[in-house]
Amino acid sequence: MRLTTISVSVLLTVSVANWTCSRANTAASATNTSGTQVQQVSGDLHYKVPEGWVAGQPSSKMRVAQFKLPKADGDNEDGELVLYYFGANQGGTAQANIDRWISQIQQADGSSSKDKAKTESLTVNGLKITTVDVAGRYTAEMAPGSGKFYDNANYRLRAAVIETAKGNYFVKLVGPAKTVGRWEQSFTDYLKSFEFK
């Protein structure tokens, strides 16, 4: 019995020491396979989920979180918001993503969605955030490389690039214009809750 108690105590002490060391070294430099020093950045993007949003199971590893935003009266579909993270230095620049998102919305009169899109840059808790808001016919590809495209009239797309020390995170909300409008304040509150720690 005494041997078992000592073994458990030693195992617990070693486990706590290992955990403490690993936590202390999360932001330390490491050596990669080529022998050069690389900086590892610790931390994650934290946020508050607005009341009324329905969390879903992320459907891929690139999706940090996804939410259903229940439809407004008279709309046939819910809105969908996805938070993406592709890795450090992945996913493209803020401007490249803003331009791509704008290109996913077409105007009924054939005019440029870029002329109708509203973009904004703000700083929240030390994070640079670039946003876009554009409405029209949603024509994005359903899945990369699928060759199948949405064709949803009277939609609205709100999106943002959040620049962190770990790399960019990407938020995309799309749905019927009335539904996205219903959740407009909560979308803004969501963006303003971002913290990287």
(Q) Quick check on my filter: what residues within the stretch 125-139 are assigned to a strand (DSSP E or B) and either surrounded by 16 or more Cβ atoms within 10 Å (Cβ to Cβ) or of a type in the set (Ser, Thr, Tyr) (or both)? (A) Leu127, Ile129, Thr130, Thr131, Val132, Asp133, Val134, Ala135, Gly136, Arg137, Tyr138
Q) In the stretch 177-189, is there at least one residue being out of contact with any His (no Cβ under 8 Å at 6 or more places or on another chain), assigned to a strand (DSSP E or B) and within 21 Å of Met62 (Cα to Cα)? A) no
Q. Mind checking which residues of the stretch 65-97 are within 14 Å of the chain's Cα centre (by Cα) and aliphatic (A, V, I, L, M)?
A. Ala65, Leu81, Val82, Leu83, Ala88, Ala94
(Q) Please verify whether Asp133 is among the acidic types (Asp, Glu), modelled with pLDDT of 95 or more and either touching an Asp or Glu at 6+ places or on another chain (Cβ under 9 Å) or not assigned by TED's automatic domain parsing to the domain that holds Phe67 (or both), treating the condition exactly as stated. (A) yes
Q.
Whether any residue in the stretch 155-163 is free of Cβ contacts under 8 Å to residues at least 12 places away in the same chain and either surrounded by fewer than 21 Cβ atoms within 10 Å (Cβ to Cβ) or under 16 Å from Pro50 (Cα atoms) (or both) is what I want to check.
A. no
Q | Some residue of the stretch 160-167 being assigned to a loop (DSSP other than H, G, I, E, B) and on the phi < 0 side of the Ramachandran plot | A | yes
(Q) Can you report the number of residues in the stretch 155-189 which are under 12 Å from Ala72 (Cβ atoms) and not aromatic (Phe, Trp, Tyr)? (A) 10
(Q) One residue is enough: does the stretch 124-147 have a residue meeting the conditions on the phi > 0 side of the Ramachandran plot and under 18 Å from the mean Cα position of the chain (by Cα)? (A) yes
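So which residues in the stretch 46-102 are among the small types (Gly, Ala, Ser) and either on the phi < 0 side of the Ramachandran plot or assigned to a strand (DSSP E or B) (or both)? Write out each step before concluding.
Applying the first criterion (among the small types (Gly, Ala, Ser)) to the stretch 46-102 yields 52, 55-56, 59-60, 65, 72, 74, 79, 87-88, 91-92, 94, 96.
Of everything in the stretch 46-102, those that are among the small types (Gly, Ala, Ser) and either on the phi < 0 side of the Ramachandran plot or assigned to a strand (DSSP E or B) (or both) turn out to be Ala55, Gly56, Ser59, Ser60, Ala65, Ala72, Gly79, Ala88, Ala94, Ala96.
The values are calculated or read from the model by the stated rules, or taken from the named source; none is laboratory data. Nothing here was measured: the structure is a model prediction, and the numbers come from that model. Every residue, glycine as well, gets a Cβ built from its backbone with ideal geometry; the counts of neighbours run over all protein chains shown.
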